[in-house]
Amino acid sequence: MSNSIEEIKKEVEASVVSSDVELEAFRMRFISRKSVIGELFGNMKTVPAEERKAYGQDVNALKNLAENRFQFHIDNLKSGAKKSEDHPDLTLPPIESQFGTIHPLTATRQRFIEIFERIGFNVSSGPEIEDDWHNFTALNFPENHPAREMQDTFFLEKNPDIALRTHTSSVQIRVMENEKPPIRTLSPGRVFRNEAISARAHCVFHQMEGLYIDKGVSFADLKQTLYHFAKEMYTKETQVRFRPSYFPFTEPSAEIDISCQICHGEGCNICKYSGWVEIGGAGMVDPNVLESCGIDPSVYSGFAFGMGIERITMLRYGIKDLRLFTENDIRFLKQFNSL
Ligand code: PHE
């Protein structure tokens, strides 16, 4: 019997408790009424009368030992929890933090600006809510001319003179009104058109327009500048072609195409199996526009171009649906981690 007391004593002394579950196990084994020590008390009757006193004293001592040890474990657990509150465990692996990524439209806009800054362009901005003069009239859109309808404008209901700008050509008017040539400027920004949202069109999108006004600027300068842009934005192998077109504010005007960046001329559904994709419009600034802005067209000439940043970005990364740009799907955005 006393042997058993000895063994239990050793067990109590060697016990380690590091969680509430282990504490409860300790309580069940040594403290509760059905514990091993409780059992020893139960055995009292079977102990010969002359040994009973000594036995009782031993079991009582064991009981005290177990209770002290139990309290010791409780205190230990409490102070352990407190310690970890005061001093976080610096050896634990950190929780992985999620960094934001550069939006592909932002990355493309930045790259665009970088390319043009190196050839002397600056960046200008203007209001998204525009008056008729800056969005249309100064840009040589005649009153009641169908060209105004080409742009599906959102007008203010109460004041048809005010609209959401349909292009950032309006910013170029503001620059020409306020600065003297030479002017070399880029105007990036949001523009608005009343178009149904689809994989290829949106009622809100981003444009990058460029303007160069100086003495003796020619169509050759325009072509060379856009060749340079296409090779810098895409690859040295990228081809550019111009197709005759019409804009009220440029004459002559052209549509700009580049060789398809997706299939490289093999034919795919992005380029509709033609090998070419349109990226924007361009032309020589119409003398009427220069005059509207107080620039003498007999002294100065210039070129302008305009592109959709969404389109440029889609071709850059092979993105097939421009709705992805505004859906904020983290799985899409995370792919541009390295920009
Ligand atoms: N402003 C035109 C558009 O939004 C693009 C353009 C700009 C065309 C400059 C020619 C010259 O469609």
Exercise. Listed residues VAL217, VAL191, VAL175; which is surrounded by 15 or more Cβ atoms within 10 Å (Cβ to Cβ), assigned to a strand (DSSP E or B) and in the same structural domain as TYR300 (by TED's automatic domain parsing)?
Worked result: VAL191
Seminar exercise, completed: Taking first residues from region 202-217 that are in contact (Cβ under 8 Å) with a residue 12 or more places away in the chain and second residues anywhere that are small (Gly, Ala, Ser) and not in a strand (DSSP E or B), the pairs with Cβ under 6 Å that are 6 or more apart or on different chains are GLU209/SER169
Exercise. Does ILE115 qualify as being out of contact with any Pro (no Cβ under 6 Å at 6 or more places or on another chain), under 30 Å from THR225 (Cβ atoms) and in contact (Cβ under 8 Å) with a residue 12 or more places away in the chain?
Worked result: yes
Exercise. Which number in (1) at pLDDT 95 or above; (2) open to solvent by 100 Å² or more (accessible area, probe 1.4 Å) marks the one condition that PHE99 misses?
Worked result: (1)
Exercise. Taking region 120-139 only, how many residues are touching a helix residue (DSSP H, G or I) at 6+ places or on another chain (Cβ under 7 Å), open to solvent by 40 Å² or more (accessible area, probe 1.4 Å) and in a loop (DSSP other than H, G, I, E, B)?
Worked result: 1
Problem set entry | Flag if ASP58 is among the acidic types (Asp, Glu) and not in a helix (DSSP H, G or I) | no
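Name the residue, out of PHE229, PHE247, PHE303, that is over 19 Å from ILE115 (Cβ atoms), crowded, with 16+ Cβ neighbours inside 10 Å and within 16 Å of the ligand (Cβ to nearest atom).
Numbers: PHE229 fails: over 19 Å from ILE115 (Cβ atoms); PHE303 fails: over 19 Å from ILE115 (Cβ atoms).
Result: PHE247 is the single residue among PHE229, PHE247, PHE303 that is over 19 Å from ILE115 (Cβ atoms), crowded, with 16+ Cβ neighbours inside 10 Å and within 16 Å of the ligand (Cβ to nearest atom).
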For this session: Among the residues of region 10-23, write down those that are open to solvent by less than 80 Å² (accessible area, probe 1.4 Å) and either of a type outside the set (A, V, I, L, M, F, W, C) or in contact with a Phe, Trp or Tyr (Cβ under 9 Å, 6 or more places away or on another chain) (or both).
Result: GLU11, VAL12, SER15, VAL17, SER19, GLU22, LEU23
Exercise. Is it the case that some residue within region 285-292 is within 15 Å of the ligand (Cβ to nearest atom), open to solvent by less than 10 Å² (accessible area, probe 1.4 Å) and either modelled with pLDDT of 95 or more or over 30 Å from ALA138 (Cβ atoms) (or both)?
Worked result: yes
Exercise. Which one of ILE312, ILE270, ILE319 is within 16 Å of the ligand (Cβ to nearest atom) and either assigned by TED's automatic domain parsing to the domain that holds SER169 or of a type in the set (Phe, Trp, Tyr) (or both)?
Worked result: ILE312
Problem set entry | GLU67 being assigned to a helix (DSSP H, G or I), over 30 Å from MET233 (Cα atoms) and at pLDDT 90 or above | yes
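The values are calculated or read from the model by the stated rules, or taken from the named source; none is laboratory data. Note that this is a predicted model, so its numbers are computed, not measured. Here the Cβ is made from the backbone with ideal geometry for all residues, glycine too, and neighbour counts use every protein chain on show. Accessible surface areas use protein heavy atoms only, side chains included; no ligands, DNA or RNA. Shrake-Rupley method; radii C 1.70, N 1.55, O 1.52, S 1.80 Å.
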